[in-house]
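Engineer: Before anything else, here's the structure in question.
The values are calculated or read from the model by the stated rules, or taken from the named source; none is laboratory data. Just so we're clear, the structure is a prediction, and the values are computed from it rather than from any experiment. Please note: Cβ atoms are built from the backbone with ideal geometry, for glycine as well, and neighbour counts cover all protein chains shown.
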Amino acid sequence: MTTLLALDTATEACSVALLHDGRVTSHYEVIPRLHAQKLLPMIKALLAEQGVALSALDAIAFGRGPGAFTGVRIAIGVVQGLAFALDRPVLPVSNLAVLAQRAQREYGASQVAAAIDARMDEVYWGCYRAEAGEMRLVGREAVLAPERAQLPDAATGDWFGAGTGWGTFAERIGGQVVACDGAMLPHAEDLLGLARFAWARGEAVVADQAQPIYLRDQVATPKMPPPAGF
């Protein structure tokens, strides 16, 4: 049976989730600027609680952005370190998609406009539609001014707004959704849900390909050594 670890540090939230023996467990905290100190202890604690060794992992999933540059780099460093040390593949997952998946899980939304506050008077933006339980991108992800954020062409039905972009810029994005959660942050439990679909499709990649997606700036991230203490 597949064992997957998921981790995310792309926003103010820091979270990890584990799939083992068909069961999902997770840790989630909103701890701005503490991700670097907290992430590895969270991983170790979750694995210890479930009695799972690192060597039991089949793959490691991570939030590849968009999000805070520093947060995304922390996730990349840890996932590459673990993946290289264990010789395991990785599963990059969009943080906007993770928001959409969480909106589906918590609100039953089937169409989601995900928006993360990108600072600099912009939002990271992506629209998603549920297909067999998986939120799939409609169109493309982008970073843009709130006024330019639009639903897909010929969009119909009810759309739900998810993410801090709505919390900051709802009036400027406009009345395109029937409801929104402007405080929602990505959660590793939902990242893990998307990673399970990707794993089943054979979309895992080698650790070298664990690269961030910033949308605004394609900043290279160096390979990291295995983390100490494991």
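Engineer: Is it the case that region 61-83 has a residue that's outside the structural domain of residue 132 (by TED's automatic domain parsing), polar (S, T, N, Q) and surrounded by 24 or more Cβ atoms within 10 Å (Cβ to Cβ)?
Structural biologist: Within region 61-83, the subset outside the structural domain of residue 132 (by TED's automatic domain parsing) is 61-83.
Still in the list and also polar (S, T, N, Q): 70, 80.
From what is left, the residues that are surrounded by 24 or more Cβ atoms within 10 Å (Cβ to Cβ) are 80.
Yes, that holds for at least one residue.
Engineer: Another question, if that's okay. I need the full set of residues from region 165-189 which are among the hydrophobic types (A, V, I, L, M, F, W, C), in contact (Cβ under 8 Å) with a residue 40 or more places away in the chain and either within 23 Å of residue 75 (Cβ to Cβ) or in a helix (DSSP H, G or I) (or both), in order please.
Structural biologist: Scanning region 165-189 gives 166, 169, 173, 184, 185, 188.
Engineer: Continuing with this model, one more query. Mind checking which residues of region 112-132 are without any contact (Cβ under 8 Å) to a residue 12 or more places away in the chain and assigned to a strand (DSSP E or B)?
Structural biologist: Across region 112-132, the qualifying residue is only 131.
Engineer: Select from region 145-164 the residues that are touching a strand residue (DSSP E or B) at 6+ places or on another chain (Cβ under 7 Å) and not in a strand (DSSP E or B) and list them in ascending order. Working first, answer last.
Structural biologist: First, the residues of region 145-164 that are touching a strand residue (DSSP E or B) at 6+ places or on another chain (Cβ under 7 Å): 146, 149, 151-152, 157-164.
146, 149, 151, 152, 157, 158, 159, 163, 164 - these are the residues of region 145-164 that are touching a strand residue (DSSP E or B) at 6+ places or on another chain (Cβ under 7 Å) and not in a strand (DSSP E or B).
Engineer: Against the condition part of a helix (DSSP H, G or I), touching a strand residue (DSSP E or B) at 6+ places or on another chain (Cβ under 8 Å) and not assigned by TED's automatic domain parsing to the domain that holds residue 14, how does residue 142 come out, does it pass? Reasoning before the result, please.
Structural biologist: On the way: part of a helix (DSSP H, G or I): no; touching a strand residue (DSSP E or B) at 6+ places or on another chain (Cβ under 8 Å): yes; not assigned by TED's automatic domain parsing to the domain that holds residue 14: yes.
When the stated conditions are applied, residue 142 does not pass them.
Engineer: Still on this structure, I have one more. Please tell me if residue 128 is among the hydroxyl-bearing types (Ser, Thr, Tyr), buried (at least 24 other Cβ atoms within 10 Å of the Cβ) and not assigned by TED's automatic domain parsing to the domain that holds residue 192. It would help to see each step written out before you state the result.
Structural biologist: Numbers: among the hydroxyl-bearing types (Ser, Thr, Tyr): yes; buried (at least 24 other Cβ atoms within 10 Å of the Cβ): yes; not assigned by TED's automatic domain parsing to the domain that holds residue 192: yes.
Yes, satisfied.
Engineer: Which of the residues that make up region 84-111 are over 30 Å from residue 157 (Cα atoms), aliphatic (A, V, I, L, M) and either out of contact with any Pro (no Cβ under 7 Å at 6 or more places or on another chain) or without any contact (Cβ under 8 Å) to a residue 24 or more places away in the chain (or both)?
Structural biologist: 86, 90, 91
Engineer: Is it true that residue 93 is crowded, with 24+ Cβ neighbours inside 10 Å, within 14 Å of residue 186 (Cα to Cα) and either touching a Gly at 6+ places or on another chain (Cβ under 7 Å) or acidic (Asp, Glu) (or both)?
Structural biologist: Details: crowded, with 24+ Cβ neighbours inside 10 Å: yes; within 14 Å of residue 186 (Cα to Cα): yes; either touching a Gly at 6+ places or on another chain (Cβ under 7 Å) or acidic (Asp, Glu) (or both): yes.
Against the criterion (crowded, with 24+ Cβ neighbours inside 10 Å, within 14 Å of residue 186 (Cα to Cα) and either touching a Gly at 6+ places or on another chain (Cβ under 7 Å) or acidic (Asp, Glu) (or both)), residue 93 qualifies.
Engineer: Same structure, new question: Please determine, by comparing only the residues of region 195-226 that are surrounded by 20 or more Cβ atoms within 10 Å (Cβ to Cβ) and assigned to a helix (DSSP H, G or I), which one is modelled with the lowest pLDDT.
Structural biologist: So, considering only residues that are surrounded by 20 or more Cβ atoms within 10 Å (Cβ to Cβ) and assigned to a helix (DSSP H, G or I), the one modelled with the lowest pLDDT is 207.
Engineer: Now a separate question. Got at least one residue in region 108-124 being of a type in the set (A, V, I, L, M), exposed (fewer than 15 other Cβ atoms within 10 Å of the Cβ), over 18 Å from the mean Cα position of the chain (by Cα) and closer than 26 Å to residue 146 by Cβ?
Structural biologist: Within region 108-124, the subset of a type in the set (A, V, I, L, M) is 109, 112-116, 118, 120, 123.
Right, trim to exposed (fewer than 15 other Cβ atoms within 10 Å of the Cβ) and you get 120.
Then drop every residue that is not over 18 Å from the mean Cα position of the chain (by Cα), which leaves 120.
Narrowing further to those that are closer than 26 Å to residue 146 by Cβ: 120.
Yes - at least one qualifying residue is present in region 108-124.
Engineer: Then there's this: Tally time: how many residues in region 52-102 are basic (Lys, Arg) and either under 20 Å from residue 202 (Cα atoms) or part of a strand (DSSP E or B) (or both)?
Structural biologist: Here is the first cut: in region 52-102, the residues basic (Lys, Arg) are 64, 73, 88, 102.
Now restrict to residues that are either under 20 Å from residue 202 (Cα atoms) or part of a strand (DSSP E or B) (or both): 64, 88.
Selection size over region 52-102: 2.
Engineer: Which condition number in (1) not assigned by TED's automatic domain parsing to the domain that holds residue 69; (2) not in a loop (DSSP other than H, G, I, E, B) is the one that residue 192 fails?
Structural biologist: Among (1) not assigned by TED's automatic domain parsing to the domain that holds residue 69; (2) not in a loop (DSSP other than H, G, I, E, B), the lone unmet condition for residue 192 is (1).
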